[in-house]
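Q: Handing you this structure, nothing more for now.
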Amino acid sequence: MTRHAAKHLIIGGGIIGCSVAYHLARAGETDVVVLEKAAITEGATWHAAGLVGQLRSGRNTTRMLKKSVELYDRLEAETGMAFDWKKVGSLRLAATKDRLLEAKRLATMAQSFDLEMHIITANEARDLFPYINTEGLEGAAFIPSDGHVDPASLCQALAAAARKHGATIRQGVKVLDFNVENGRITAVETSEGTWTAETVTLAAGMWSREIGAKLGLHVPACADEH
């Protein structure tokens with residue numbers, strides 16, 4: 001059986017796996033390898049909605065999403081690859097006074113997270129999105145730095161940036177099993193041989209439940225056909 005080695009081994013070549021590889025390699029980490037069982041973006045990434053909203057109830061999640069927008073703003077210049085990032089902003093419509101009050105509270109929270117968010121009138125919202133029917137609309141919340149992106153193109157751009165910084169992405173390599181000793185993964189068995197690594201990252205998306213089970217992990221996610 002062929003043996004391979006990496007410092008950081010990432011399982012899954014979707015948006016998360018490619019992003020982890022990019023950030024590790026950009027930070028100066030060497031021997032970063034992504035294993036993808038099919039091809040880049042072929043899992044859940046390619047049909048994601050691609051909506052980019054930043055405000056969440058937790059500070060750390062909001063900070064992470066703000067960092068994502070900062071990344072999307074610079075990534076095309078870094079890679080030379082266009083990925084259809086549209087920073088058009090987002091609207092949250094308030095059809096009742098209670099919803100408007102909720103929006104105002106969110107605006108206060110956004111301010112504490114250093115995220116620009118404005119409470120605007122129904123007519124101002126219609127100016128931004130003319131298809132809105134303003135009848136009964138109390139107002140809206142507007143975040144100008146939100147937007148939408150093509151997930152598959154973004155993933156390809158992240159993969160290209162990861163490679164540019166020295167990461168390796170191996171496609172058509174399926175993870176079969178793991179060897180575990182004293183709670184640590186000592187080897188990853190794949191369709192191309194055995195891999196050893198200092199760190200192993202599971203970023204297999206909708207297959208993470210299946211792969212995690214091989215490690216005795218319960219990943220509370222599953223794929224549904226619909």
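Q: Quote to one decimal, in nm, the extra length available between R26 and A38 on full extension: 0.36 nm per residue of separation minus the C-alpha distance between them.
A: Roughly 1.8 nm would be gained on extension.
Q: Shifting gears a bit: Leaving ligands, DNA and RNA out of it, work out the accessible area of H218 with a 1.4 Å probe and give it in Å² to the nearest 10.
A: Rounded to the nearest 10, the figure is 140 Å².
Q: Right, here's the next one. So for the pair T199, T134, with labels modelled 7 Å out along Cα→Cβ, what separation do we get in nm?
A: Result: 5.1 nm between the two label points.
Q: So what J values fall out for the range 61-70 if you push phi through Karplus, 6.51 cos²θ - 1.76 cosθ + 1.60 with θ = phi - 60°, rounded to Hz, Gly and Pro as x?
A: 5, 4, 4, 5, 5, 5, 4, 4, 4, 4
Q: Still on this structure, please answer the following. Given the options S90, S112, S19, which has the most mean-square fluctuation in a GNM of the chain, springs set between C-alpha atoms less than 10 angstrom apart?
A: Of S90, S112, S19, the Gaussian network model singles out S112 as fluctuating most.
Q: For the range 1-142, with every protein chain kept in place, what is the accessible area per residue (1.4 Å probe, Å²)?
A: Spelled out: the 1.4 Å probe surface of the range 1-142, per residue, equals 59 Å².
Q: Moving on. HN-Hα J couplings of the range 197-209 from phi, Karplus 6.51/-1.76/1.60, θ = phi - 60°, integer Hz, Gly and Pro as x?
A: 7, 6, 10, 10, 10, 8, 9, 8, x, 6, 9, 5, 4
Q: Further question: Would you please give the FRET efficiency between L215 and E76, computed as 1/(1 + (r/R0)^6) with r the Cβ-Cβ distance and R0 = 30 Å, to the nearest 0.05?
A: 0.20
Q: Obtain the nm distance between the two label points defined at K87 and E116 by a simple spin-label model: each point lies 7 Å from its Cα along the Cα-to-C-beta direction.
A: 0.8 nm
Q: Oh, and also: Only Cα pairs within less than 10 Å get springs; with that Gaussian network setup on the chain, which residue of M81, M206, M64 has the largest fluctuation?
A: Highest fluctuation of the listed residues: M64.
Q: Please go through the residue pairs K37/K164; K7/K174; K66/K164; K66/K174 and name each one whose alpha carbons sit more than 30 Å apart in this structure.
A: Beyond 30 Å: K66/K174.
The values are calculated or read from the model by the stated rules, or taken from the named source; none is laboratory data. Because the structure is predicted, anything quoted here is derived from the model rather than measured. With ideal geometry, Cβ positions are generated from the backbone for all residues, glycine too; neighbour counts draw on all protein chains shown. Heads up: the accessible areas ignore ligands, DNA and RNA and are worked out on the full protein's heavy atoms, side chains in. Shrake-Rupley method; radii C 1.70, N 1.55, O 1.52, S 1.80 Å.
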